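Inspection log for the structure reproduced underneath, given as C-alpha cells.
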Amino acid sequence: MLRLLDGLFASEAARWTTDAGASWWDGFYADRAKPVPFFVAKPDESLVSYLDRGLITTGRALDLGCGPGRNALHLAAAGFEVDAVDLSPTAIAWAEDRARDAGAEVRFHCGDAFDRSAIDLGGPYDLIYDSGCFHHLPPHRRISYLAFLDRFLAPGGHFALSCFAAGEMGSERPDADFYRNARLDGGLAYTPESLREIFSDLTEVELRRMRDEPPQSPRFGEAFLWTALFRRDA
C-alpha cells in the first residue's frame with residue numbers, strides 16, 4: 001500500500017525513494033561550491049546545545065539523511081559511535097571525504113534507511129538525529145518513519161529533528177492535496193502542535209525555533225526551522 005501511494009507522485013517529486021530520490025539528490029549535491037546554507041561544514045546549533053547542556057549523552061548515534069555529514073562528524077568528535085545514512089551516493093562520497101580529512105570514524109551507509117533489505121543498520125541507537133529528512137517525506141510515509149523509530153531507538157534514547165516551520169518555509173497545504181497534485185512543493189511545513197501529535201508516543205524534551213547563526217559562527221542555524229528533541233521512555 002505504501003509503495004502504491006508512492007506511485008501517485010511524479011518521479012521528480014519522489015525525493016524519498018531509492019531511484020528517483022537518489023538521482024535528484026545526486027544532482028543537488030554535485031556542486032560542492034553551490035551556496036546552499038547547510039553545505040557548510042558546521043553542526044546544527046541545536047545539536048551543539050543539546051550536548052553542551054547534557055540533554056543527550058554519548059552512546060550509539062544514527063544520523064538519518066546525513067547529507068555531506070556535518071552533524072555525523074560532530075557526533076563522532078563528541079565521542080559517539082556513529083552510523084550515518086543517505087540516499088545519495090554523491091552526498092555519501094562528500095561525507096566520506098570530510099570524515100577522512102577530519103580523521104573521524106563514521107560508518108556511512110548509502111540507501112533507503114526505511115528499506116530493511118537495503119541497509120544493514122545495527123541499532124538500537126541512543127540518539128537518532130534527523131536534520132532535514134522528515135519534511136521531505138509525504139504524509140503516508142510518516143508510518144514508515146514511526147516504525148523506524150520504534151525499531152531502532154533504544155529505550156531511554158533520544159530522537160531529535162529539524163524541519164521546516166509553518167509560516168516560514170515549506171508547504172502548508174492539507175495532506176490530501178499532495179496526492180491530487182502529485183508533488184510535495186519542496187517539502188512539508190510543520191507546526192509545534194503537529195509535531196507533538198505525530199510523535200506523541202515520545203516524551204517531549206524541547207521544541208523551539210532554531211536560532212539564526214551569523215556566517216562567522218562555528219554552528220549552523222536558520223530560524224525557518226523547528227528543532228525538537230524527544231525521549232523514548234525506558
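Is any residue of region 175-214 close enough, with backbone N under 11 Å, to a label point placed 7 angstrom from the Cα of ASP233 along the Cα-Cβ axis, and if so, which?
Counting backbone N atoms under 11 Å from the label point, the list is 201-204.
Within a Cβ distance under 12 Å of ALA166, other residues only, what is the Lys/Arg minus Asp/Glu net charge?
Details: positive: ARG173, ARG209; negative: GLU168, GLU172, GLU193.
With Lys, Arg at +1 and Asp, Glu at -1, the neighbours total -1.
Which one is right for this structure if mean projected area of the Cα convex hull in nm² is calculated from it: [x] 14.6; [y] 13.2; [z] 11.9?
Correct label, based on the coordinates given: [z].
Could you work out which residue, out of ALA166, ALA41, ALA30, moves most in a Gaussian network model of the chain, that is, has the largest mean-square fluctuation with Cα springs under 10 Å?
Answer for the Gaussian network model of the chain: ALA30.
Hey, rough spin-label estimate for ALA154 and LEU5, points 7 angstrom out along Cα→Cβ, what's it come to in nanometres?
A separation of 3.1 nm, rounded to one decimal place.
Summarise the accessible area of the chain (1.4 Å probe, protein heavy atoms) by the percent that is carbon and sulfur.
Numbers: 5390 of 10580 Å².
Heavy-atom surface of the chain belonging to carbon and sulfur, 1.4 Å probe: 51 percent.
Calculated FRET efficiency, SER117 and GLU206, Cβ-Cβ r, R0 45 Å, to nearest 0.05?
Details: r = 35 Å, r/R0 = 0.78.
Result of the calculation: an efficiency of 0.80.
Can you list residues from other chains, or at least 5 along the same chain, whose modelled amide H is less than 5 Å from the amide H of VAL205?
LEU229, PHE230, ARG231
Taking θ = phi - 60°, what integer Hz values does the Karplus form 6.51 cos²θ - 1.76 cosθ + 1.60 yield along region 34-39, in sequence order, with x for Gly and Pro?
Coupling constants for region 34-39: 4, x, 9, x, 8, 7 Hz.
Report the net charge of residues surrounding SER217, where surrounding means a beta-carbon distance below 11 angstrom and charges are Lys +1, Arg +1, Asp -1, Glu -1.
Within the 11 Å Cβ shell, the charges total 0.
First measure r as the distance between the Cβ atoms of ASP177 and PHE38, then evaluate 1/(1 + (r/R0)^6) with R0 = 45 Å and state the FRET efficiency to the nearest 0.05.
Details: r = 27 Å, r/R0 = 0.60.
After rounding, the FRET efficiency stands at 0.95.
Would you calculate a helix-derived [θ] at 222 nm for the chain, using -39,500 (n - 2.57) for each DSSP H run of n ≥ 4 and dividing by the full residue count, to the nearest 500?
Values: 8 runs with 72 residues, N = 234.
Calculated mean residue ellipticity at 222 nm is -8500 deg cm²/dmol.
Give the ranking of TRP94, TRP24 by solvent-accessible surface, highest area first, calculated with a 1.4 Å probe. Write down the numbers at each step before the final one.
Details: TRP94 15, TRP24 85 Å².
Largest accessible area first, the list is TRP24, TRP94.
Where Lys and Arg each count +1 and Asp and Glu each count -1, what net charge lies around ILE92 among other residues with Cβ under 14 Å from its Cβ?
On the way: positive: ARG32, ARG70, ARG98, ARG100, ARG107; negative: ASP26, ASP63, ASP83, ASP86, GLU96, ASP97, ASP112.
My count for the surroundings of ILE92 gives -2.
Once you order the gyration tensor axes a ≥ b ≥ c over the Cα atoms, which shape class does region 53-122 get: rounded for a/c under 1.5, otherwise prolate or oblate by comparing a/b with b/c?
Details: a/c = 2.15, a/b = 1.26, b/c = 1.70.
Because a/c hits 1.5 or more and a/b fails to exceed b/c, region 53-122 counts as oblate.
The values are calculated or read from the model by the stated rules, or taken from the named source; none is laboratory data. In this text, all values refer to a predicted model and were calculated from it rather than measured experimentally. In this analysis, Cβ positions are derived from the backbone assuming ideal geometry, glycine residues included, and neighbour counts consider all displayed protein chains. All accessible areas refer to the heavy atoms of the entire protein, side chains included, with ligands and DNA or RNA removed. Shrake-Rupley method; radii C 1.70, N 1.55, O 1.52, S 1.80 Å.
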